[in-house]
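The values are calculated or read from the model by the stated rules, or taken from the named source; none is laboratory data. In this text the structure is predicted, and so the values were computed from the model without any measurement. Cβ placement follows ideal geometry from the backbone for every residue including glycine, while neighbour counts extend to all protein chains displayed.
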2 protein chains.
Amino acid sequence: MTRPFQDKLINIEPYTAGEQPKSADIIKLNANENPYPPSPEVQKAISGFDAGALRLYPPMDAAPLRKAIAEYYGIGQDSVFAGNGSDDVLAAAFRAFFNSDKPLLYPDITYSFYPVWCELLKIPYETVPVDEGFNVHVEDFFRENGGVVLPNPNAPTTIGLGLDAIEELVKHNRNSIVIIDEAYADFSEVSCVPLIKKYDNLVITQTFSKSRSLAGMRVACAIADPYLIGYLDAVKDSYNSYPMDAVSILAGAAAISDREYFEQVRKKIIATRERVTVQLRELGFTVPDSSANFLFASHCERPAEEIFSYLREQGIYVRFFRKPRIDNYLRITIGTDQQMDKLISALRSFLG
Amino acid sequence: MTRPFQDKLINIEPYTAGEQPKSADIIKLNANENPYPPSPEVQKAISGFDAGALRLYPPMDAAPLRKAIAEYYGIGQDSVFAGNGSDDVLAAAFRAFFNSDKPLLYPDITYSFYPVWCELLKIPYETVPVDEGFNVHVEDFFRENGGVVLPNPNAPTTIGLGLDAIEELVKHNRNSIVIIDEAYADFSEVSCVPLIKKYDNLVITQTFSKSRSLAGMRVACAIADPYLIGYLDAVKDSYNSYPMDAVSILAGAAAISDREYFEQVRKKIIATRERVTVQLRELGFTVPDSSANFLFASHCERPAEEIFSYLREQGIYVRFFRKPRIDNYLRITIGTDQQMDKLISALRSFLG
């Protein structure tokens, strides 16, 4: 039905996120969530929060969180921006930094929100194909452009680049802004944060949703030269001055301040990942070495969609993308050891 | 200093919010915050929150909150959208509903964020002058346009329109979307929510920051025909699928479910407002009848800026706008009775 005001409405297609099944029996390996709870310090911060303080606006700059992030990385607080989840931070960064008639460059296989923001913000873009093994070659990004965005490790492929490669990418693009999306970097051994002191055209985004188990709290940050952080603040202030609430700010600060717990969880997930990678390969899966908290797996005989449907019937949810080049792959989040044992045993039954 | 990537950066001017003084001695009447804490149910919801749940993404549609709002108003849950504060909801609505070459219309004296979003989203707009007494005349909006946005009551003028006038406005604009921004409507006796069943081109936005004392929690909603709510969801999903965290969702639901506490606080603030209005008039101020939780006041002899500076020295912060037509007015938030007594007594001293 067309309505008299139809011509005033926006023309966009909504994003489809991973399913959020409601039953507690489901083994949920489809949204790259952390199987472990956040640091006990987060519970303390929330339980002890005085609701009376909520009558006032939160700090506009989320200062306690920015301070905790700056301390964690040993950088200045003016190099840190904080926002309402990675999508909020990335969308602000796209708006702030990709204003050019030249195309934004990113890999053809990558986070599915990049083209969505480009459409929304009318940013011209070109995708750069990854090779057959899904590897990104930074030389392919050494050409005139309106900006570069690259997740490291890349998603959903799980493959990470070393610091040297990232430095080459940033160095060869001094006329544009390069965003390195480190949503999963805590599960690798590489973070580009040290490079921001050397390159004023580098922006790093990170989320607390994965490695810090705060998906439900919407906490993320960008790290860059203070000059660029100023632009992110200006964009934020032009859209919504207070994207982060008072509880999220304190919960995020509590999470990043507990280094010991973070290291424990991170290492546990990496250990499970390494074990499951070997098991999947034994079952006939091709699995790139993962630098993330998930695996990208394709079977030598059975189509990914069939495996996806079978697992679903067994109450195990993984992610399947009906998209060119990757429609024979499954994205499998690393859960607890027990959950992964159930996955492996279900796959064994299916594959006979 | 110009940097090699300067041409890629956005060109915008940041918004200036009211000051957020840090000293606890300050009487803060400059941000229209509520002087009373939120419902005790909010404290319970926060203190009892299980942080373990935060490892998962929050419900994308903030369902528990939408449900509570729908129940409060006796409308369908599919008529409710929820977001990260009024600014988030309004910005999404501007994006969803104001896509036209014809100008968006709003009063020349109104919420200062409207032109900011128009610039950001490249929406053409025209302002419609209010009369000398700051009254909005809805007939002035009976002409071709790309949309209408009107706060009711208007800010910072505090003047509200009746339901009949709003209905006329909506009825004469069936070819566009009319947004009624009810940020302060809980302090009047008028809400347009009942009109949404009759008019599919009406969108009402509300915030929990003022009447429900949740400025620090970032909670707001839009209420409209389900068809329009679908567009708001699509815009949200194209930008940030999870703008509201799990704690905000529950805190907001707790706040709106406690009707009794809400009525108490609302009535207390209205009673203080009525008393202070009389006192200010006795001191020589012109004060329009307020339908909000603040007053708009101009003195017959002393310039607003002088009074503003004097009050500031006394540790009383009010808001002064250096803007055409209103630069001899102060915007004064209604605080506790005790705070307002201190304000009146400071004004008495100043005016001799």
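Going by the structure shown, is B:Gly252 in the same structural domain as B:Asp131 (by TED's automatic domain parsing), buried (at least 23 other Cβ atoms within 10 Å of the Cβ) and not polar (S, T, N, Q)?
Details: in the same structural domain as B:Asp131 (by TED's automatic domain parsing): yes; buried (at least 23 other Cβ atoms within 10 Å of the Cβ): yes; not polar (S, T, N, Q): yes.
So B:Gly252 passes the test.
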Going through region A:203-241 in order, the residues found to be closer than 28 Å to A:Ala292 by Cβ and hydroxyl-bearing (Ser, Thr, Tyr) are A:Thr205, A:Thr207, A:Ser209, A:Ser211, A:Ser213
Scanning for something farther than 30 Å from B:Thr333 by Cα, crowded, with 21+ Cβ neighbours inside 10 Å and within 9 Å of another protein chain (Cβ to nearest Cβ), does region A:64-75 turn up at least one residue? no
Residues (at pLDDT below 95 and buried (at least 19 other Cβ atoms within 10 Å of the Cβ)) located in region A:1-27: A:Phe5, A:Lys8, A:Leu9
Within region B:25-33, is there a residue that is in a strand (DSSP E or B), more than 7 Å from chain A (Cβ to nearest Cβ) and either under 18 Å from the mean Cα position of the chain (by Cα) or under 30 Å from B:Gly315 (Cα atoms) (or both)? yes
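Residue check: is B:Thr286 surrounded by fewer than 19 Cβ atoms within 10 Å (Cβ to Cβ), modelled with pLDDT of 95 or more, closer than 15 Å to B:Ile26 by Cβ and not assigned by TED's automatic domain parsing to the domain that holds B:Asp131? Give the derivation first.
Numbers: surrounded by fewer than 19 Cβ atoms within 10 Å (Cβ to Cβ): yes; modelled with pLDDT of 95 or more: yes; closer than 15 Å to B:Ile26 by Cβ: no; not assigned by TED's automatic domain parsing to the domain that holds B:Asp131: yes.
It is false that B:Thr286 is surrounded by fewer than 19 Cβ atoms within 10 Å (Cβ to Cβ), modelled with pLDDT of 95 or more, closer than 15 Å to B:Ile26 by Cβ and not assigned by TED's automatic domain parsing to the domain that holds B:Asp131.
Conditions (1) of a type in the set (A, V, I, L, M); (2) modelled with pLDDT of 95 or more; (3) part of a helix (DSSP H, G or I), marked per residue:
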{"site": "B:Ser241", "(1), (2), (3)": "no, no, no"}
{"site": "B:Met244", "(1), (2), (3)": "yes, yes, no"}
{"site": "B:Leu250", "(1), (2), (3)": "yes, yes, yes"}
{"site": "B:Ile256", "(1), (2), (3)": "yes, yes, yes"}
{"site": "B:Ile269", "(1), (2), (3)": "yes, yes, yes"}
{"site": "B:Arg275", "(1), (2), (3)": "no, yes, yes"}
Given (1) away from chain B (no Cβ under 11 Å); (2) under 18 Å from A:Gly74 (Cβ atoms); (3) modelled with pLDDT of 95 or more, index of the condition A:Glu189 fails: (3)
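Checking the structure you have, find out if any residue of region A:197-211 is outside any loop (DSSP other than H, G, I, E, B), out of contact with any Leu (no Cβ under 7 Å at 6 or more places or on another chain) and aromatic (Phe, Trp, Tyr).
To start, the set of residues in region A:197-211 that are outside any loop (DSSP other than H, G, I, E, B) comprises A:197, A:202-207.
Now narrow it down to the ones that are out of contact with any Leu (no Cβ under 7 Å at 6 or more places or on another chain): A:197, A:204, A:206-207.
Next cut, aromatic (Phe, Trp, Tyr) only: none.
Scanning region A:197-211 turns up no residue that is outside any loop (DSSP other than H, G, I, E, B), out of contact with any Leu (no Cβ under 7 Å at 6 or more places or on another chain) and aromatic (Phe, Trp, Tyr).
If only one of B:Lys267, B:Lys236 is under 22 Å from the mean Cα position of the chain (by Cα) and either surrounded by 17 or more Cβ atoms within 10 Å (Cβ to Cβ) or in contact (Cβ under 8 Å) with a residue 60 or more places away in the chain (or both), which one is it?
On the way: B:Lys267 fails: either surrounded by 17 or more Cβ atoms within 10 Å (Cβ to Cβ) or in contact (Cβ under 8 Å) with a residue 60 or more places away in the chain (or both).
Criteria check complete, one pass: B:Lys236.
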For region B:33-42, state whether one or more residues are in the same structural domain as B:Phe308 (by TED's automatic domain parsing), at pLDDT below 90 and either surrounded by fewer than 17 Cβ atoms within 10 Å (Cβ to Cβ) or under 30 Å from B:Trp117 (Cβ atoms) (or both). no
For region A:46-58, indicate whether the set of residues that are assigned to a loop (DSSP other than H, G, I, E, B) and at pLDDT below 95 is non-empty. no
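Any residue at all in region A:226-238 that's within 30 Å of A:Tyr57 (Cα to Cα) and touching a Lys or Arg at 6+ places or on another chain (Cβ under 8 Å)? Write out each step before concluding.
To start, the set of residues in region A:226-238 that are within 30 Å of A:Tyr57 (Cα to Cα) comprises A:226-238.
With touching a Lys or Arg at 6+ places or on another chain (Cβ under 8 Å) added as a condition, the list becomes A:227, A:235.
Checking region A:226-238: at least one residue is within 30 Å of A:Tyr57 (Cα to Cα) and touching a Lys or Arg at 6+ places or on another chain (Cβ under 8 Å).
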Filter result (crowded, with 22+ Cβ neighbours inside 10 Å and within 11 Å of chain B (Cβ to nearest Cβ)) within region A:95-112: A:Arg95, A:Ala96, A:Phe97, A:Phe98, A:Leu104
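Determine, yes or no, whether B:Arg281 is over 30 Å from B:Leu54 (Cα atoms), away from chain A (no Cβ under 14 Å) and in contact (Cβ under 8 Å) with a residue 40 or more places away in the chain.
Details: over 30 Å from B:Leu54 (Cα atoms): yes; away from chain A (no Cβ under 14 Å): yes; in contact (Cβ under 8 Å) with a residue 40 or more places away in the chain: no.
No, not satisfied.
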Can you find a residue that is closer than 27 Å to A:Glu119 by Cα and over 18 Å from the mean Cα position of the chain (by Cα) anywhere in region B:195-209? yes
Looking at the structure I just gave you, is B:Ala292 under 14 Å from B:Asn32 (Cα atoms) and either assigned by TED's automatic domain parsing to the domain that holds B:Glu33 or in a loop (DSSP other than H, G, I, E, B) (or both)? yes
